[in-house]
Amino acid sequence: MLIRKKTVRQLKNEGNYTAQLRQKREIERFLKGNYIKDIDSFQVYQWIERCHFHQWWHLGISLSGYIMPNSLNADYQKRLDFLLKEFSRNMSKNS
Amino acid sequence: MDAESQKRKIRRFINGAIKEGIDAFCIYQWIERCHFEKWWEMGAALGAHLQPNSLNNDYEKRMEFILAECRRNHQQEKKAQDKTMGEMIGDLDGVKRVEAVQLLKKLGIDLDTKLKDIENVIQGRSSRRTSNTDLTGKSVRAIIVHGQTYPARTHKEAYLKVIQFVFQHHPQDKDRILNLQGRTRKYFSRNPHDLTKYRERIPDSDIYAELNENANTLYRRGKEVLQLYKMDHESFKIMTD
């Protein structure tokens, strides 16, 4: 059965057009390989942070593989390493 | 989303074009992007849109640090841009300074001209120079006519400087300016009583100019004077803050 993508208006009517849910949908689409917009490493880093903020540990872990090495500067790389450690820690805690 | 599309989105948000679907974390992410890409001005501007205590403690702390960096760098950038050419070449030693002064003179750049104005001219940016923008309430720094920059502090001074510039190029034909007049009013006259009490004598001439006009009218009339003398009126720009 063909599942049609919901329109922005439908999402707004349902109260699901929030930044949080919109970004979650984007991340999920990206991980499925259905995201057609251009993405740079920093955007993936931003998504990882969003996952950390909302405690979407599994999504964050999945995203980590998409950041190319040395694509961020030293400060942001450090921060990313910290976030990834947090993800692993929380995942192991939950499992 | 890549850097450029995010930049456009941030700009639209700062300009008030995006109002829905943005949460505090979104703004935090944008501030981080600005910090990463060194868009200090936008980063500092985004800080004003963030409500206090809208993020958790860790993120709040990080955001404050990033925001402080953006603000500090923005201030530094602004300071560097506000440096005049005189201040910049003041740091050079003897011979180099003389050479720089001569070069600036050749290029028609005044020592009071700010670095940002020169960069704007080089990049052909019109945002800071006025073309179709409203000049009311803006403080004047300089004027550009035929590629030459002259310092001016007020719109009246800018207007008189343009006329002075025209007279320097047409010293024998100063009277032509008297033809420029309104339906009932005179804009220029040899007799000061033909004009209001806000008249002023044009330097190096015996002609008075009517100055009881707003900034936009004075700018437009300056252009008309250039047109009257068949000079390039498009080159006349006023640099504002």
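Computed from the coordinates by the stated procedures, all read-outs in this text should not be read as laboratory data. Note that the structure is a prediction, hence the values are computed from the model and not measured. Cβ placement follows ideal geometry from the backbone for every residue including glycine, while neighbour counts extend to all protein chains displayed.
Report Rg/Rh for chain A, rounded to two decimals, where Rg is the Cα radius of gyration and Rh the Kirkwood radius. Working shown, then result.
Numbers: Rg = 14.9 Å, Rh = 14.6 Å.
Here the Rg-to-Rh quotient is 1.02.
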Report task. Per DSSP H run of at least 4 residues, take -39500 (n - 2.57); add these up for chain A, divide by its residues and hand me the 222 nm value, nearest 500 deg cm²/dmol. Result -> -21500 deg cm²/dmol
Query raised in the report: Net charge near A:Asp38, counting Lys/Arg +1 and Asp/Glu -1 over other residues with Cβ under 11 Å of its Cβ?
Result: -2
Query - Computed [θ] at 222 nm, helices only, for chain B once each DSSP H run of length n ≥ 4 contributes -39500 (n - 2.57) - result: -15500 deg cm²/dmol
Report task. Give, in nm to one decimal, the length gained when the segment between B:His146 and B:Lys223 is fully stretched (0.36 nm per residue of separation minus the Cα-Cα distance). Result -> 26.5 nm
Query - Overall Cα dimensions of segment B:10-159, principal axis frame, Å, largest first - result: 57, 39, 22
**Report entry** For the protein assembly as shown, size of Cβ-based charge dipole, Lys and Arg +1, Asp and Glu -1, in debye
**Finding:** 1020 debye
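When 1/r is averaged over all different Cα pairs and the result inverted, which Kirkwood radius in Å belongs to the protein assembly as shown?
Taking the inverse mean of 1/r over all distinct Cα pairs, the protein assembly as shown comes out at 24.8 Å.
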Report summary line: Expressed in nanometres to one decimal, the distance between label points 7 Å along Cα→Cβ at B:Asn216 and B:Ser235 is 2.7 nm
